[in-house]
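Contents: one structure, followed by commentary.
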Amino acid sequence: MSSSLTHRTIDAIWRMESAKLIAVLTRMVRDVGLAEDLAQDALVIALERWPDTGIPDNPGAWLMTTAKRRAIDFMRRIKVRDQKYVEIAGSMDLYTEEDIDHVLDGEIGDDLLRLIFMTCHPVLSQDARVALTLRLLCGLTTDEIARSFLTAESTIAQRIVRAKKALSTEKIPFEVPVGSELKERLSAVLEVIYLMFNEGYSATSGDSWIRPLLCQEALRLGRIIAEIAPHEPEVHGLVALMEIQSSRFKTRVNSMGEPILLMDQNRAQWDHMLIRRGLAALDRSRKLGRPLGPYSLQAAISACHAQARTATDTDWIRIAALYEALSRVAPSPIVELNRAVAISMAFGPSFGLQIIDQLSAEPSLKGYHLLPSVRGDLLVKLGRYDEARAEFERAASMTRNTREQVLLLNRAAECESGTSE
């Protein structure tokens, strides 16, 4: 394997394993900033050794073992080994063979859940919680987070540094809260799990269109929270959304890893067990008798797609109405962009284009690649191919995901012959 290929493989492994490493290390050292540093140390060692020795059969376990050893060495160096051992020994077996076995099996208890609740503590601002969680749990770089939120990279970096310092200074416990404290933190936790799932569903950057393991972990955490807080409708709404969206994974990319858009997917290959689970979770949300919140409304939109046997059977009028409701509950330019797509499908592309053109002046969407991408799609449907080509090329220049960039450039090339659909 070439050195460059090895490094790309290591990067992919790191994105999959970093959150688990940081969660376990936080449990050990009780400092999320230090935990991230120790995890990074393990990554540096892998980058130094694996190009020569080859990638281990179980790279995640190798990284975990190496990171734990670094943590032990650190505790020895600062002469608090005995204190830490006493503190930790009563609650876990850190350095046993059984512990390594759990790592090999992908089981680390609820450490990720504890980490999410820790990083969503009210001592941090909402922006800081989101940035820190995307950094630690999704493995995104500060640049990737900044592009996702259309914010300066320096601003994101400062938020993350301050957030880690605040958690350490305030000695925020590494635990899942109970009672009123759980309820107070729940909305922030749901938001970061939602963002975690979205990053897996449509990767911000890299060579892969999707990161299924990240989505699976987000869904697992959502299911746990649904058991912890069964009377919160938005918990079930988020679970419903993730279940239904996850049902499409087998059809989101082809054998070459190239993206397949929703309307072109083979619906017979959707996972109908996940769809049933999602619809059941949505039903639980509705039965709690409160107005549907943002996650439940998005789940209801996904349910419309899941219940349509073919793309042409999709009830776009209902979807447009649901987006209208979503825009009132959680107004945002992104929701408006999606509403424009639904309206174009329900009533014609010219109606959707009117909304898109209004959004073109929205400052927060200035660098958002899906705005020109959607506009290009509507222009194709109106037969305005030259304009569409320019929009697809502009969108391709904005995205950091290699697969998506190729897709957009292909659509731009199709416009030259008037064949794009």
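Looking only at the range 149-163, filter to residues that are in contact with a helix residue (DSSP H, G or I) (Cβ under 6 Å, 6 or more places away or on another chain) and in a helix (DSSP H, G or I); which one of those is modelled with the lowest pLDDT? Within the range 149-163, the match that is modelled with the lowest pLDDT is E153. Scoring C415 on the criteria (1) in contact with a Lys or Arg (Cβ under 7 Å, 6 or more places away or on another chain); (2) buried (at least 17 other Cβ atoms within 10 Å of the Cβ); (3) under 24 Å from Y201 (Cα atoms) leaves a single failure, condition (3). The single residue among A146, A166 that is at negative phi, assigned to a helix (DSSP H, G or I), out of contact with any Lys or Arg (no Cβ under 9 Å at 6 or more places or on another chain) and modelled with pLDDT of 90 or more turns out to be A166.
Could you tell me whether any residue of the range 41-62 is within 23 Å of the chain's Cα centre (by Cα) and either closer than 17 Å to T133 by Cβ or buried (at least 21 other Cβ atoms within 10 Å of the Cβ) (or both)? No; the residues of the range 41-62 include none that is within 23 Å of the chain's Cα centre (by Cα) and either closer than 17 Å to T133 by Cβ or buried (at least 21 other Cβ atoms within 10 Å of the Cβ) (or both).
Rundown of residues vs (1) of a type in the set (S, T, N, Q); (2) out of contact with any helix residue (DSSP H, G or I) (no Cβ under 8 Å at 6 or more places or on another chain); (3) more than 26 Å from P333 (Cα to Cα); (4) touching a residue at least 24 places away in the same chain (Cβ under 8 Å), yes/no style:
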residue	(1), (2), (3), (4)
M118	no, no, yes, yes
A146	no, no, no, no
I172	no, no, yes, yes
E181	no, yes, yes, no
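In the range 253-267, the count of residues that are in a helix (DSSP H, G or I) and in contact with a Leu (Cβ under 6 Å, 6 or more places away or on another chain) is zero. Is it the case that R15 is assigned to a helix (DSSP H, G or I) and touching an Asp or Glu at 6+ places or on another chain (Cβ under 7 Å)? Answer is no for this residue.
Is there a residue in the range 154-162 that is surrounded by 20 or more Cβ atoms within 10 Å (Cβ to Cβ) and within 13 Å of the chain's Cα centre (by Cα)? No; the residues of the range 154-162 include none that is surrounded by 20 or more Cβ atoms within 10 Å (Cβ to Cβ) and within 13 Å of the chain's Cα centre (by Cα). Restricting attention to the range 361-375, the residues being touching a helix residue (DSSP H, G or I) at 6+ places or on another chain (Cβ under 7 Å) and free of Cβ contacts under 8 Å to residues at least 40 places away in the same chain number 8. Each residue in the range 390-402 was checked for being in contact with a Pro (Cβ under 8 Å, 6 or more places away or on another chain) and buried (at least 20 other Cβ atoms within 10 Å of the Cβ), and 3 of them qualify. Of the helices (runs of 4 or more DSSP H) lying entirely inside the range 316-421, those containing at least 3 residues that are among the polar types (S, T, N, Q) are 349-359, 402-417.
Within the option set G352, G348, being small (G, A, S), over 20 Å from the mean Cα position of the chain (by Cα) and surrounded by 14 or more Cβ atoms within 10 Å (Cβ to Cβ) holds for one residue only, G352. Note on the range 362-389: residues that are surrounded by fewer than 21 Cβ atoms within 10 Å (Cβ to Cβ), of a type in the set (G, A, S) and touching a Leu at 6+ places or on another chain (Cβ under 9 Å) amount to 2.
The values are calculated or read from the model by the stated rules, or taken from the named source; none is laboratory data. If you're wondering where the values come from, they're calculated on a predicted model, not measured in any experiment. Neighbour counts are summed over all protein chains in view; Cβ atoms, including those assigned to glycine, are modelled from backbone coordinates with ideal geometry.
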